[in-house]
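Below is one structure, written out as structure tokens; the observations come after it.
The values are calculated or read from the model by the stated rules, or taken from the named source; none is laboratory data. Please read these numbers as outputs of a predicted model, since none were measured by experiment. Here the Cβ is made from the backbone with ideal geometry for all residues, glycine too, and neighbour counts use every protein chain on show. Note: accessible area is taken over every heavy atom of the protein model, side chains too, but ligands, DNA and RNA are not part of it. Shrake-Rupley method; radii C 1.70, N 1.55, O 1.52, S 1.80 Å.
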Amino acid sequence: MPLVLDLGCGLGVSLLALSADPAAPPRNYLGVDLDAGKVRFARATASRRGSPAAFVRDDALRAASLLAAGYPGPLSLALLQYPTPYSLPGAGNSRLPDRDGFMVGRPLMAALGRFRLLYLASNAPDVAAAMRAAAEAEGFAHREPGGQLS
């Protein structure tokens, strides 16, 4: 069965909405986040709603790499939405796009290469530009919302 993956899923809102669409074809839904509290919240919400979505605590690159190497079905959609570019407690600004360790870099995009579609979103222009550049460097095509592939 095809997989929809939400990396950095937070509270699972997007994945829960996708999994609740009665018109959607059957899929597996997996949300991944480093924050154990957010994963627990997403799991509880999925359970209350009877959602087929599953949520795990893991690193985005590790999870994407494991799925790319071993998921038995098609990898249909990966979501990377609003990765925080702000300070993490005790870590400084390590998630800024111009620093080593930025979550959405070329290594992550390479791991996502088996996915047919990649959805990127950010409210920080430099983060959006860095994500798009990393995706295009790994062969993903760009399409504006509602537009054709460019």
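Number of residues in region 39-64 that are more than 19 Å from residue 119 (Cβ to Cβ) and open to solvent by 50 Å² or more (accessible area, probe 1.4 Å) equals 12.
Here region 93-144 is the region considered, the condition is being at pLDDT 85 or above and of a type in the set (Lys, Arg), and the residue that is nearest to residue 75 (Cα to Cα) is 114.
When you go through 30, 15, 7 one by one, which is the residue that is under 28 Å from residue 107 (Cα atoms), surrounded by 14 or more Cβ atoms within 10 Å (Cβ to Cβ) and at pLDDT below 95? Within the list 30, 15, 7, the selection yields 7.
Of everything in region 23-45, what is in contact with a strand residue (DSSP E or B) (Cβ under 7 Å, 6 or more places away or on another chain), under 24 Å from residue 2 (Cα atoms) and either of a type outside the set (A, V, I, L, M) or assigned to a helix (DSSP H, G or I) (or both)? Give them in sequence order. Once the filter is applied, which keeps residues that are in contact with a strand residue (DSSP E or B) (Cβ under 7 Å, 6 or more places away or on another chain), under 24 Å from residue 2 (Cα atoms) and either of a type outside the set (A, V, I, L, M) or assigned to a helix (DSSP H, G or I) (or both), region 23-45 yields 27, 28, 29, 31, 33, 39, 42, 43.
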